[in-house]
1. Between the range 281-313 and the range 30-72, what's the alpha-carbon centroid distance in Å?
2. Using only the alpha-carbon atoms of the range 12-117, report the extent along each of the three principal axes, biggest first, to the nearest angstrom.
3. Tell me the Kirkwood radius of the chain: reciprocal of the mean inverse pair distance over distinct alpha-carbon atoms, in Å.
4. Testing the spin-label approximation: label points 7 Å from Cα along Cα→Cβ at residue 188 and residue 323. State their distance in nm.
5. Please go through the range 254-312 and write out the trypsin sites (Lys or Arg not before Pro) that DSSP classes as loop and that have at most 15 other C-beta atoms within 10 Å.
6. With springs connecting C-alpha atoms under 10 Å apart, model the chain as a Gaussian network and identify which of 135, 394, 77 has the largest mean-square fluctuation.
7. Using modelled backbone amide H atoms (1.01 Å from N, in-plane), which distant-in-sequence or interchain residues come within less than 5 Å of residue 86's amide H?
8. Give me the percent relative contact order of the chain, please, defined on Cα pairs under 8 angstrom at least 6 residues apart.
Amino acid sequence: MTEKLAQPTGDFLDAFGDVSAAVESGAGLPEVARATERALGATIAVVDRAGNVLAVAAQSPDDERTVLSGSRGREVLDLRVADELVGELRYRPRGAPPPPALVRMVGTLIALELERSRAPERASEAAVASFVSDLLARRVTDRDNILARANELGADLSEGAGVVVARAHPQVPEEGDWRARILALVERAARAASPLALTAAVEVSAARSPHAAAEDARELVVVVPATPPELPRRAAESIHRELQRGLSGYEITVAVSRPAGDPVDVPRAGVEAILAANVAEAERRGFLAFEETGSYRLLLPVLTDDPAELQRFHDETIEPLVTYDEQYDTELVRTLETFLDEDGSVARTAQELYTHRHTIRYRLERVRELTGLDVGSTDGRERLSLGLKAMRVLGIMPPRGPASEPGAEAGQVPQDGPDR
């Protein structure tokens, strides 16, 4: 038997006309939500793609909570413009369900209104992204030009600025536009620390290795005026706390540069922040300031002036181990890292990795065969240590699979390997 659909406020066209009139009048999302409430006979909530509630039409606070919390009977319609998700219409009918065609038509109007209402905001976001991208890529280098463009966006960079890089990766599949949610969290935390901070997702792939794992080539970057000089770090710490509170089940990395005293030096600060973020990710540290990267700082001039040379050094030292680990599901890179961290002690390396000493010696011998560098020599250890640092600075993540060479606990057999 076909379920009878309710139409609480007149016929189909009258209901649609009420919502259409609210949109045409320019009354704004709250009035459009109220017209939708009457048309559908339902509690209404309009939410943007980052999960922010933009408008609610409900008969009581309890009614509002039911539509926002996902209580039984609540429905969700994705709001799209040109197939791009712009938000959600959440509704909970008070009686029989409204006609699906009416819901879709009303949803289209709300999506268009949502997109229209965000037009100035989107223009501002585009202007900030354009400036930050041009600044970090050195497409704008004249001091007066930098200051003028920053002033147009409400930021004063006359005393210089620091750069914060924030990364967050979900550990399980996420629905919706989770990157927009991260951007909103970062911008909110940055502005709480410094109302003049400029937040944008920009392409800075030239400063990262082409092997760096990422869904896209953009970095989430915040340019924070260095007035006072400690402000960029405070903003970075605020962003880190906000992401930890707001993103459970995410791997979070926040890094901050030294403050650049002159706006023309902000691109250097950008490279510092990326270097620190790459090191923090490789070492699984949630927060890292450039000043705390130790000897990695020595690689900054190479990363800035000739990243290809840094890539070549990595390829000559560590790349064969990365390739071998990926092919045979071994742990040569991790073993080498641990061996060097343990000052060349096989016993402590075996204890740290819960692996027999014979297996550690086998792996280190395989390192020598693949790289031509002997961990038993000072020169070999130095070159391999620098190779590992180059790998981290470039943002290359080593394989983290279980060991599988002879003598290891996992004991897997390689698919097409050489005679071992």
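1. Measuring centre to centre over Cα atoms gives 48 Å.
2. Projected onto its principal axes, the Cα set of the range 12-117 covers 32, 30, 23 Å.
3. Working: mean 1/r = 0.0402 Å⁻¹.
Hydrodynamic radius (Kirkwood, Cα pairs) of the chain is 24.9 Å.
4. Modelled inter-label distance: 4.7 nm.
5. Working: sites: 268, 284, 285, 297, 312; in loops: 284, 285.
Here the sparse-neighbourhood loop sites are 284, 285.
6. Of 135, 394, 77, the Gaussian network model singles out 77 as fluctuating most.
7. Long-range HN contacts for residue 86: 79, 80, 81.
8. Working: 721 pairs, mean separation 50.6, N = 420.
After rounding, I find 12 percent.
FYI, it's all coordinate maths here, none of it is from the lab. All values derive from a computational prediction rather than experimental measurement. No Cβ is skipped: glycine too gets one built from the backbone with ideal geometry, and neighbour counts run over all protein chains shown.
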